[in-house]
Amino acid sequence: MNYDSLKIAKGAVVCAEADLRGDVTVGKNTIIHPKVRIFAYGGPIVIGEGCLIEEQSVIINRGDLTNEEVAKFLKETETRPPQGRSAKNAPLRALQTQCSFVCGKLSGESQNIGNYNFFEVGSHIQAMVIGSNNVFESKCRLGKLVRVGDGCIVSVFCVLEKEDHLGDQMVVYGPNNQRRKQQDKPTAQTQQLEFLAKVLPNFHNLKKSNVAASPDPR
């Protein structure tokens, strides 16, 4: 498996200050802000079309890492970021030389994220299956064993760590992760995507697109 493979579809806007490592595929019209970290440690990550991923969000395919190892892994990559343009897409093998606990745990399972998902500032996502048109509000956290359908909202500071399945149009909110089903799916961030696609290139260097077609995350 190739862990030095970053694929960015035409029309996607990926800021150079974002840290993407491993076998990551980004769909067309997806926006990835600076200071986002996306790490395909345990296997590939496939992100669909029209997703919006804001600053300080983390998406990680953790493989067999424990929560403690994930925390250590993220601390390592935060305190020892890659240096220079060529290092921005450094393979995960380079990280393995820095973080000895990483070696030998690659599972190869793909983390699939659908279309038009909105990841707000500081969201932390390990969930392996995410549908489309979902909103993950600021500082929410989803563990590896969580599966998300379509049109869901996980509200600010909500934490879902145990095995769970959020059915379509489910809202998780409050300190006790209360749930209710909403009638309509969240509105797609189409206007915001169009605005950011025009504005971000004026203020940030971008990673270049290198594939013509978008992936099918399903």
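The values are calculated or read from the model by the stated rules, or taken from the named source; none is laboratory data. Since we're looking at a predicted model, the values are computed, not measured. In this analysis, Cβ positions are derived from the backbone assuming ideal geometry, glycine residues included, and neighbour counts consider all displayed protein chains. Protein only, heavy atoms only, side chains kept; ligands, DNA and RNA dropped before computing areas. Shrake-Rupley method; radii C 1.70, N 1.55, O 1.52, S 1.80 Å.
For LEU200, the stated conditions hold: it is surrounded by 11 or more Cβ atoms within 10 Å (Cβ to Cβ), out of contact with any Asp or Glu (no Cβ under 9 Å at 6 or more places or on another chain) and within 27 Å of LYS35 (Cα to Cα).
Let's see how each residue does on (1) within 13 Å of the chain's Cα centre (by Cα); (2) open to solvent by 10 Å² or more (accessible area, probe 1.4 Å); (3) not β-branched (Val, Ile, Thr):
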position	(1), (2), (3)
ILE113	yes, no, no
ASN117	yes, no, yes
PHE136	yes, no, yes
ARG141	yes, yes, yes
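Does GLY122 meet the test of being more than 20 Å from ARG62 (Cα to Cα) and either open to solvent by 20 Å² or more (accessible area, probe 1.4 Å) or not aliphatic (A, V, I, L, M) (or both)? It is false that GLY122 is more than 20 Å from ARG62 (Cα to Cα) and either open to solvent by 20 Å² or more (accessible area, probe 1.4 Å) or not aliphatic (A, V, I, L, M) (or both).
With respect to the conditions (1) under 27 Å from LEU20 (Cβ atoms); (2) at pLDDT 90 or above, PRO175 falls short on a single one, namely (1).
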